[in-house]
Structure formats: structure tokens, C-alpha cells
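Take a look at the structure set out below.
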Amino acid sequence: MISGAGGAEISVIVTTYNHARYLRDAIESIRGQSHPADEIIVVDDGSSDHPETVTAEFTGVELIRQANQGLSAARNTGLRAARGRYILFLDADDRLTEIALDTLLRRIKAHPGCGFVYGAYRQFGTEPDWSKEYTLRPTGRDPYQTLLTQNCIRMHGTVLYRRELLAAIGGFDTTLPACEDYDVYLRMAQKHGVSCGPEVLAEYRQHGSNMSSDLARMNKAVHLVLNKQKAIADTNQHWKAARQRGLRYWFDYYGTAQLGRLKAAVRSGRQVGRSLSQTASFMLPFPGPAIRLIGSDLQRLMRRRAKGDGPAARGPFSGLGTERVSTEFGYDRGKPLDRHYVEDFLARHAQLIHGHVLEIGDTAYTVQFGGDRVVSAEAFHRFAGQPGVTYVGDISGVHNLPDNTFDCMVLTQTLHLIFDMPAAIATIWKALKPGGSVLVTVPWISSIDKGEWNATWYWAISPAGLRKLLETRFAASDIAVNAYGNVLAASAFLYGYAEHEVRPQDLDVDDPLCPVIVAASARKAL
């Protein structure tokens, strides 16, 4: 029996290779959990810095030593040695937050169909008091499709696996030079569900020797991972398109960073030859994508430097055209950018989605973010005859919604389509139970729909505007308003680019004076 041998529930595997100076922090973060690990196993992958001097300080920590074979082999060694039903892998230079194991254990038990669960993380380490929190990126309704486009899980230390299922797919691929965790996510998501939550569960230490700083190695590895998925992805048109988007996204992601390093070297006059060599090593194995990326970069440079008549006379806007790349908000290219922020907001407020929940349109987000907290999920629609819809009507006029019924209402990118918004807010307030909450998102910067909603696309709503609307019924102290996005994301959204076409670090910046969407939670007073 593989699962839970000897009654152990959670095993934590710490892999180390010449990171003994960080190992103590990692072990202490595991020992400090609100729900303790049943076993802690440190796998030393041929270090020369004596990690045994650190593990000897802790009782109950097992040390396994092996000749250097790479990270995948070290993790597989830990997988074979572990006895727990669930297993988490932590790199020796990273740390867990105090709630990690308790949060992950509750989540994986609540979702028996999931092969693994995960959460959010933060970076630390470049300066003594510096840290940066990265919000959760859900895998959505089809985790496999989402993961083909990009690795939204981002930090392996936030993941808790069912050990039996991880062992059944063969563990980690030792032939990959990197991205072995991404490969496992894809192979698991083919067969099993994935669940997540917004809590920060781990801390990623940023330092000069991080493997992910080797751009050529990472780019080669991620292409190998996605090429392994070709046969399966090609059986489904959505998966096939997602894999193609993923190949382009990852090359552009790492390629843009590599070109940035080259430009910095040229500007500084230091290590130009080394940087040129690294850029050539990065680009040459991928001639087609390299020509496209470098050509695009050169075009932008030439436009910026051009003088005189023609398009370049527009100055700083010379690289921008007047035609959108998509007139479907980016749906035809992938996930629209506004939905990235909508899902970020819902992930942050997932704990409010519980009990009896009503969602406008359908129940997709209720199911995705509410999970086992939801007792009943119902939908409201403007028109009758829609599948899965319980309530119908005009939320600002005639409808069949009951009063004092719902613990939560979810209203995403809809309020701006209602001319009498105060009346809609009054309906929402009446339908909520005392103590219930509404989660609402609205556009601030957006194209206008060309289809069925064109004639009712009435409003763009600012943070102050949304707060004022909610205050017509809700107490000011029970309202929290936030703005999501920035000028780059807003511009990309207006042009119709999809989420995977913008760098994650550019999406993560929120500018309250130039958001893409505005979101709010409001609670009906008891």
C-alpha cells in the first residue's frame, strides 16, 4: 500500500545542493507549522557544504545523501522514501509560511478529485526588508488547457500532492534540465483535478544562483516540456491552440529578458562579448521565433529613433497602430486581460463565496472559487431559457429574486450594462441575507462590445463611482473597493491582447489612477 504507510499523513521533502547556509531556515519553517508534518526528509544531492551539520541540530529530521544527479532525481529519492499520504517538496533556499500545511491539507481533503492543490507565495531576499507578494493565479475550468499556455502555479513549494498519484505518473522527469515541476503539473492535470486558494503559503528566496536566472536553460526546458504534450494536446482543438500560445509566450518571456540583458551590457560597456554569446546561444536553436522577436524589437527601436514625416512623427506613440488585434476583448487569442484581474479579485475574496450563492449569468465562478464552502449555487439571467438559470428578470426592475436569501452574490463585469444602477444595488441588498456579501467587478478602461451588449453598454465606473453606488444601500464601513491593472495592461486590453501575451510581472502592478477594472466587496449589515 503506497498511501499513508505507517499512518503518516504529510511528508515534506527538502532538496539541497550546496545550500546548507539556507537549510536551517527551511527546516525551521516546517517545524513551525500550525499543523505539523509527520516526517521531514532532507535529500542531499551531492553537496560539498556539509548539510549534515545543519540536520544534526534537529531531532526527527531524516537525511538521505546521494551523488549529484540533479533536482528531479533528488525529488524522486524523497518520493520513494516518503510514507505520508500527501507530499510537499521544498527547496532548501525557500521557506513555508506557518499556515501552509494546515491550509493545503484542508483543501486537498475537501477536493477528493484533485491530484494536487496549491496557493500563493511571496519573494524575499534581495534586500533585508524587501519582499513582494504574488497573488494567486487560478488554473480555471480546464487546468490542463490553462497550464499549456503558462505555468500559473509559479512556486513549487506551495503545492501539496497526493503521493500515490504522483508516484503513479512516475514522479519527476530526470531527463529535463529544468521545469520538471511544470512537467509534473501538466501530466497530473491530464488525469486529475486541481484546486487552489489565495493564501500565501511559501516564500521564494531570490539570490544570484537561482536556477531560473539561467534564461537559455529555462527556455530550452520549457520547450521540451510542452513538446512532450504535443500528442495529447493535438487531440483537442482548444488544447492544441493553448500549447501553441504557450510555446510563443515562453519564448517571448525569456527572449525579451535575454535581449534586455544584452541591451544593459551594451549601455554599460561591461561584459558585452559574454552577453552576445549568451544571446546567440539562446536564439540560435529557435531561428523562427528568434527572427520574429528580434525583428519586432528592431522595429520598435527604429520607430522610436525615426525623424521627420510619416508614422514616426507621432513621437512616443510611433509604435502604436490604430487597429486592434482583436475585436473580441482577446477571447479569440486566449484569456481576456480583464478576466485575469476579475479572477485575481475573486481568489483574494474566495472565503466570502460560501453557503447559498447567486451568480449573474452562470455559476462558473461560484464553483471555481467557492468549492466545498458552497451549499447551493444558483444563477440569475436577464432572459429566460438559459441553461442552469434559476432566477430571471431585470435586476433593476421586474424579477423573481427572493429577499434575504443569499450568503453571497457574484456580479462580474455586468453592472455597467444596467442603466439604473442604484436600483440594481437595491435589489442586490434586498436579496442578501443579513451578514451576506456581494462581490462586484466593473470596467474602467475597456472596448465596447460589438455584439449583443452593444446597445446596453452604458457606463465606465471609477473607484469613487463604485463606492458611491454601493453606499446608496451598504454602510461605508462595510465596503472595500480596489483597483486592478495599470496603463500597460489597459493598453494591451484595448488592443485585444490576451493574458499570456503580457509578462506576468507587468500584470502584477496595480495603478489606482489607471486601472483596467474596479472591484468591491460589500457586506449587508446584521
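Brief remarks on what is shown
- Among the residues examined, Ile395 qualifies as among the aliphatic types (A, V, I, L, M), in a loop (DSSP other than H, G, I, E, B), open to solvent by less than 30 Å² (accessible area, probe 1.4 Å) and free of Cβ contacts under 8 Å to residues at least 40 places away in the same chain.
- Members of region 321-339 found to be crowded, with 23+ Cβ neighbours inside 10 Å and either under 17 Å from Ser195 (Cα atoms) or of a type in the set (A, V, I, L, M) (or both), listed by number: Leu337
- Residue that is modelled with the lowest pLDDT, among those in region 152-168 that are open to solvent by less than 30 Å² (accessible area, probe 1.4 Å) and in a loop (DSSP other than H, G, I, E, B): Cys152
Yes/no per residue for (1) aliphatic (A, V, I, L, M); (2) part of a helix (DSSP H, G or I); (3) crowded, with 20+ Cβ neighbours inside 10 Å:
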| site | (1), (2), (3) |
| --- | --- |
| Thr15 | no, no, yes |
| Arg21 | no, yes, no |
| Arg24 | no, yes, no |
| Ile40 | yes, no, yes |
| Ile64 | yes, no, no |
| Thr77 | no, yes, yes |
| Leu104 | yes, yes, yes |
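- For Ile64: the one exception among (1) in contact (Cβ under 8 Å) with a residue 24 or more places away in the chain; (2) among the aliphatic types (A, V, I, L, M); (3) under 19 Å from Leu166 (Cβ atoms): (1)
- Those residues of region 68-110 which are of a type in the set (Asp, Glu) and under 12 Å from Asp44 (Cα atoms), in sequence order: Asp91
- Pairs meeting the criteria (first residue in region 83-108 and without any contact (Cβ under 8 Å) to a residue 12 or more places away in the chain and more than 16 Å from Gly32 (Cα to Cα), second residue among the charged types (D, E, K, R) and outside any loop (DSSP other than H, G, I, E, B), beta carbons under 7 Å, at least 6 apart or on different chains) are lacking.
- Taking region 465-480 as the range and being open to solvent by 40 Å² or more (accessible area, probe 1.4 Å) and over 11 Å from Ala520 (Cα atoms) as the test, the residues that pass are Lys468, Glu471, Thr472, Arg473, Ala475, Ala476, Ser477.
- Taken over region 350-377, the criterion of being closer than 24 Å to Pro112 by Cα and crowded, with 20+ Cβ neighbours inside 10 Å is satisfied by Ala350, Leu352, Ile353, Val357, Thr363, Tyr365, Thr366, Phe369, Gly370, Ala377.
- Complete set of residues in region 57-71 that are within 16 Å of Asp25 (Cβ to Cβ) and not β-branched (Val, Ile, Thr): Glu57, Phe58
The values are calculated or read from the model by the stated rules, or taken from the named source; none is laboratory data. Remember, predicted model here, so these are calculated numbers, not experimental data. A quick note on method: Cβ atoms are made from the backbone with ideal geometry, for glycine too, and the neighbour counts reach across all protein chains shown. Heavy atoms of the whole protein, side chains included, go into the accessibility calculation; ligands, DNA and RNA do not. Shrake-Rupley method; radii C 1.70, N 1.55, O 1.52, S 1.80 Å.
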